1. Based on the Cα gyration tensor of the chain, what are the three equivalent ellipsoid semi-axes, each the root of five times an eigenvalue, rounded to whole Å and given largest first?
2. Hey, got the Cα dimensions of the stretch 1-87 along the principal axes, in Å, largest first?
3. Å³ per residue of the Cα convex hull, for the stretch 202-325?
4. I want to check a number: in the chain, how many lysine pairs have alpha carbons closer than 29 Å, given a sequence separation of 8 or more or different chains?
5. Test of understanding: given the chain, find the longest segment containing no GluC sites (Glu not before Pro) that are in a DSSP loop and have at most 10 other Cβ atoms within 10 Å.
6. Give me the distance in nm between label points sitting 7 Å out from Cα along the Cα-to-Cβ direction at Ser180 and Val233, one decimal.
7. Place +1 on the Cβ of every Lys and Arg and -1 on the Cβ of every Asp and Glu in the chain, take the dipole about the Cα centre, and give the residue among Met172, Gly40, Ala304 whose Cα lies farthest towards its positive end.
8. Given H placed on each backbone N at 1.01 Å, which residues far from Phe95 in sequence or on other chains put an amide H within less than 5 Å of it?
Amino acid sequence: MQAVAKQQQDKIRTVMDWLDSRIIGQRPLIERLMTALLCGGHLLVEGAPGLAKTRAIKELASAVNGDFHRIQFTPDLLPSDVTGTEVYRPEDGSFRFQQGPIFHNLVLADEVNRAPAKVQSALLEAMAERQVSIGRETYPLPELFLVMATQNPIEQEGTYPLPEAQLDRFLMHVKVDYPSAKAEHEILNLVRAETVGKSDASAPVRLDAQDIFQARRQIIEQYMAPGVEEYLVQLVMATRQPGLYQADLVGWLDYGASPRGTIALDQCSRAVAWLDGRNFVTPDDVRSVAHDALRHRIITSFEAEAQGVNADKLIDRILAAVPTP
């Protein structure tokens, strides 16, 4: 069993290393994208334009034996443009459902905050229920199904911010930053090589659905000590009752993380341990995913915002306050 697990780990790490050579300077994004795929969750990625958010999932799709589709969200998009619609067939007077782009294995929802609420709701319902209902019929989505949504934090004019209750549907909310100066040089070399056709754009190995499903079973079997599980739960409880550990955090939170936050912390920390080649979860694994798993699930108060305290700073304080086992 351990030999099979190691084989799966080596295969997935090979893909991640290849992605690292194709998406330079964004290793954390690659790791979170692979974590979401292995956990069966969805990813919300936020960052300035040009930081390889779109390229990341397109390159991942080229290494996975599945189909990929990109949806550019715009203010005039309709829910049926995402989910599909019934088409009238005049030859026999019947209606036939024509699947929309959501019926793919990997879906990029580009600039999701540019679409109106009805379209966002249709997308997020499909993500949560893994099915689409049209009229009286329900159509299941593929078993291997990942949505990566991107949003631009710079331009807010003409956008529709995602409601906090719907943000909870995402496994993680990842913020992408600028690459280093060294990475910028490597990016220039990569673009030049691609321009003249000297870059190898094919993945050394390809992942199929069974590879991913086997990895998911191995991840859920990772050993988590009772003390680590209690630490994970206490981190979530601290977002709901911050006064339990630090009195000065009282009044900084309007709403804490939901049970989905607990589940996300558990799944992601297990996946991080598995990708690291271990069969047990440590408190450091939990801490490493805390920001991405919780930042979109807590709502800071007006008092906190007035003092310049955002969700990330609040999570920092909670991590420092909750005792580590």
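1. 32, 26, 22
2. Ordered largest first, the stretch 1-87 gives principal extents of 50, 33, 19 Å.
3. 123
4. Lysine pair count for the chain: 19.
5. With a cap of 10 other Cβ atoms within 10 Å, the longest stretch comes to 158-325.
6. 4.0
7. Gly40
8. Distant-sequence amide H within range of Phe95: Arg89.
The values are calculated or read from the model by the stated rules, or taken from the named source; none is laboratory data. Just so it is clear, the model here is predicted, and its values are computed rather than measured. With ideal geometry, Cβ positions are generated from the backbone for all residues, glycine too; neighbour counts draw on all protein chains shown. Side chains are part of the model used for accessible areas, which takes the heavy atoms of the whole protein and leaves out ligands, DNA and RNA. Shrake-Rupley method; radii C 1.70, N 1.55, O 1.52, S 1.80 Å.
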